[in-house]
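Remarks on the structure that follows.
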Amino acid sequence: MSLLNVKDLSIRYQQTAVVDALSFSIDRGESVGLVGESGSGKSQTALALLGLLPRQASVSGSIRFDGTELVAASEEALDRVRARRIGIVFQDPMQALNPYLRIGRQLREILVRHKLARGAEIDERVIEMLVRVGLSDARRQFHAYPHQLSGGMRQRVMLASALIAEPDLLIGDEPTTALDVTVQAQILELLEEIRDNTALLLITHDLGVVAGHCERMLVLEKGRLVDVGATTSLFASPGHAHTRLLLDAAPRIDRASALPQATGASILGIEAVSVSYKAFGNEQLRAVHDVSLSLRSGETVAVVGESGSGKSSFVRAVLGLVPMLSGRAVYAGAPLEGPVERRVKAQRRDLQLIFQDPVSALNPQMRVQSIVAESLLVHEPGLSSQARLEKVVEALGQVGLGDEYLGRYPHELSGGQAQRVAIARALVLGPKVLICDEAVAALDGSVRKQVLALLRKAQEDTGLAIIFISHDLAVVRAISHRVAVLYMGRLVELSDNAPLFSRPRHPYTRALIDAVPVPNPVVAPKKAPLRGEVPSLLDPPSGCVFHPRCSYVKEICKSMLPATRDLQGARVACHCADEIDLSL
Amino acid sequence: MLRYTLLRVLGAIPTLLLVIVLAFLMVHAAPGGPFDDERVLPADVEANIARAYHLDESLPKQLLRYLGGLVQGDLGPSYRYRDYTVSELIGAAFPLSLKLGAMAMALAIVVGVSAGTVAALQQGTYLDRTVMAFSMTGISIPVFVVAPVLVLFFAVKLQWLPAGWSSSTGASRMVLPVITLALPQIAYIARLTRASMIDVLGRDFVRTARAQGLGTLTVVRLHALKPAMLPVLSYMGPAIAAILTGSVVVEEIFGIPGLGQFFIRAALNRDYTLVLGIVVFYAALIVLLNLIVDVLYGAIDPRVRYR
Ligand SMILES: Nc1ncnc2c1ncn2[C@@H]1O[C@H](COP(=O)(O)OP(=O)(O)OP(=O)(O)O)[C@@H](O)[C@H]1O
Ligand code: SF4
Ligand SMILES: [Mg+2]
């Protein structure tokens, strides 16, 4: 008999069904992936399994867990199942752990409540668990508050809390989505290592994760189960059109892109830019260190690196949104100087920025038409209102939004539509350089694909130059001409797309590439390429800042900062770049 | 933590000074003098009295003299009770007021927090609506209406409790004054607790705690109560001030010989040093209690502490 048997599960809010007649089962020890776009009902399903849906939700159907019916079960009955039989890991460990309570206490209480240990044994078991999930110095971390830990460490604690009562089923609801790829690889590896015979229900939008870690997969579309089967066979021959759509939209780190060379004239030159912030007291936190980059028209340069690597600070300094400590930027022959408000209008018009979160970037009180027209009022005040409207309509058309969107408010748009409005607002001015800071990170696969395609189209039509900040190397491989890799505020490698992904020169670049899960179940997932997390910028390592995590480290790396040098077209900052072969 | 506390203490000093100066100026700006209602005095006697109490000096000089005394805990002599200093008078009357205020505060916190928490857990139910309706009433009806109604019902009609202070001895005479004083605070704290508890219960970490099968009681006690208490704790400052002012009215109504009653007498008698002394004392008390609240806040929220 299956461990978990879900039959005809429906979840409704008022009249709308968010999950509709869902049936599936999970066997003991089995790993199952649940995939689907945002809003397809994945998290609702997970919450239903634990009886955690809000009161307003009406649930019907049956959830049988090891013989016990969970739909409409009493809180007491559910409490016997929670943690003890089914553990769960949520997406954002900062929100999901109690910020007011030491982590040891949060874990302890689970053992106490379920009477799994007593007396001094309780703390011992908690510490043992913390060691198992890889918290160095677990005895001290026992007394830490969540905000004193890094994101990866917090997620390890979350995992410890889900597994400490030794459940039979572990649910992971996007457990690694909020983390860097390098940390994601570590957490996924850890998950495999310590779950023993615990069954796994892994909810994710990332087909690479499913391919590497799940034997079977379930595909949800708008609350309905449209496809189910062994991961290998579904990847090879999808049973449903929606599965095929998801697979097609998944960016592939293992496939070369087919972009033609960018041959435009150089338009933006950035030389040795540094940025520093004031940290506590008088300490200076150096977020960006002497980064140089140039950009041609019609070219896309991607900037990649783990969180905190200084990607955003770098472009913000170029745009004049944060002060530049040193260095200079030249746009079309003229220097970009001072804060953005004091720059000449033409420069402000020609350099546009798009943020990650589309909804908060749009004024909720304005209609789409006014949002897009607003900057025209500033930059082209002479325009008649008729001409302005035409421009707005044209810009919206460029991003695939028809006239019917003119009168809408931001809250009446989906995430993807809102991001397209934000892009239209940037494009309406006819910018020469567009800077996208994680502009597609929040979007679903298929929408992301559309948005990327329309950016590419705008580039082909107008020779737009794009700086594309992203943590997603698979997307970067598909759309960029060149790639700049940052680590702790330093440029460690800058290279053309093809050589970077086939023969990276810097060990960090190779590690980033290896960390990306490949959406191909036939390829076994690689071992997590990097241990640990990025050190604090307030106390950077000596010599090469990457040396504590580098597997090629030599004696010289610990004391001497590697110079940036040219190596067959690539710029690399590594002492050993010409000795080691990192080809994939 | 020590640094945080120290900073708070230093920050409180200018506030206190400002309050003292303002109170001083206000008392001195009030029309009439302490000796006006007595029979008309010969000019030279009046001048003598003025000199004895330093009333002939310039205002800034008087202020400095007052502050100088204050540093040594000397609030000056009373104009009316001429054998006593203001400090002695306050020292004699305050313990009773403190007892009354502390009991009212404790009652308000215990009942308010419990009622608010229960209402939040039962959000939208009949019980929730009842609690909210009661607290709305509690907030909107003033003390001088509540007191007679309570007296009428519990003392006169049911005869469970004494109506006034002097009519009985023992603890029972405290009951009605404490309830009267606490009622609006119970109501306010209940509403505040309910709102913030509902907010906290909706947070992700509470969902995590529920997913761990901890049970409602543990979830609330261990996970939700602390953060939900933060807004309530912030309200403690205003609540303390409200209880102090309320106690003036309540002491007068029930005839309790506490500091509040003294204050009213002093004002009617134009005993300005006593009025000023009590105002300064209350101000210092409020600042001190607010300080404690601030430090407690840091103790509850680790993120404040480490900042
Ligand atoms: N206003 C600020 N004050 C102080 N430090 C800051 C500020 N903004 C950013 N930082 C710090 O600067 C460093 C680089 O930040 P930045 O936002 O550029 O990183 P990122 O690579 O864009 O990361 P992510 O992928 O998380 O967006 C981080 O250590 C960050 O904490
Ligand atoms: S310089 Fe040394 S430590 Fe740094 S990346 Fe190269 S090999 Fe590794
Ligand atoms: Mg960023």
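The values are calculated or read from the model by the stated rules, or taken from the named source; none is laboratory data. The model shown is predicted, which means the values in this text are computed figures rather than measured ones. Cβ coordinates were reconstructed from backbone atoms using ideal geometry, including for glycine residues, and neighbour counts include every protein chain displayed. SASA here: full protein model, heavy atoms, side chains in, ligands and nucleic acids out. Shrake-Rupley method; radii C 1.70, N 1.55, O 1.52, S 1.80 Å.
Distances between placed amide hydrogens fall under 5 Å for A:L201 paired with A:V32, A:L170, A:I171, A:G172, all partners being 5 or more residues away or on another chain. The charge dipole of the range A:266-487, taken about its Cα centre with unit charges on the Cβ atoms of Lys, Arg (+1), Asp and Glu (-1) only, comes to about 280 debye.
Within the range A:325-399, the trypsin sites (Lys or Arg not before Pro) that combine a DSSP coil assignment with at most 16 other C-beta atoms in a 10 angstrom radius are A:R367. Taking 23 Å as the limit for the C-alpha separation, the pairs A:K449/A:K527; A:K432/A:K457; A:K345/A:K391; A:K311/A:K527 exceed it in the case of A:K449/A:K527; A:K311/A:K527.
Find which of A:V516, A:V545, A:A573 sits farthest along the positive direction of the dipole of the range A:497-584, computed with +1 on the beta-carbon of Lys and Arg, -1 on that of Asp and Glu, about the Cα centre. Working it through, the farthest residue towards the positive pole turns out to be A:V516.
Take every pair of alpha-carbon atoms less than 8 Å apart whose residues are at least six positions apart; their mean separation over the length of chain B yields a relative contact order of 28 percent. A simple count of charges around A:V19, restricted to other residues whose Cβ falls under 10 Å of its Cβ and scoring Lys, Arg +1 and Asp, Glu -1, yields +3.
Please report how far the C-alpha centroid of the range A:296-328 lies from that of the range A:59-136, rounded to the nearest whole angstrom. The two parts, judged by their Cα centres, are 43 Å apart. Between the DSSP loop rule and a limit of at most 10 other Cβ atoms within 10 Å, which trypsin sites (Lys or Arg not before Pro) in the range A:398-481 are left? Answer in residue order: no site qualifies. Under a model in which nothing but the beta-carbon of Lys, Arg (+1) and Asp, Glu (-1) is charged, the protein assembly as shown shows a dipole of about 320 debye around its Cα centre. The figure for A:I270 is an accessible area of roughly 10 square angstrom, using a 1.4 Å probe on the protein chains alone. Near A:V275, the amide H atoms lying under 5 Å from its own belong to A:A287, A:V288, A:H289, A:D290, A:L325; only residues 5 or more places off or on other chains count, and H is placed 1.01 Å from N.
In debye, nearest 20, what is the charge dipole magnitude of the range A:312-373 about its Cα centre with +1 on Lys and Arg Cβ and -1 on Asp and Glu Cβ, if you could check?
Roughly 160 debye, rounded to the nearest 20.
Peptide A:97-110 is shielded by partner chain Cβ atoms: per residue, an average of 5 of them sit within 10 Å of its Cβ. As a length-normalised measure over Cα pairs under 8 Å and 6 or more apart, the relative contact order of chain A settles at 14 percent. Taking all protein chains as shown and a probe of 1.4 angstrom, A:S38 keeps an accessible surface of around 90 Å². A straight line joining the Cα centroids of the range A:1-36 and the range B:57-100 runs 75 Å.
So for B:D199, A:D444, A:D66, what's the accessible-area order with a 1.4 Å probe, most first?
Largest accessible area first, the residues go B:D199, A:D66, A:D444.
Applying the criteria of a DSSP loop state and at most 13 other Cβ atoms within 10 Å to the trypsin sites (Lys or Arg not before Pro) of the range A:506-545 yields A:K527, A:R531.
Projecting the Cα atoms of A:F65, A:V18, A:A77 onto the charge dipole of the range A:1-120 (Cβ charges, centred on the Cα centre) puts A:A77 farthest toward the positive pole.
Would you mind giving the mean number of other chain beta-carbons within 10 Å of the Cβ of each residue in B:198-207, as a whole number?
4
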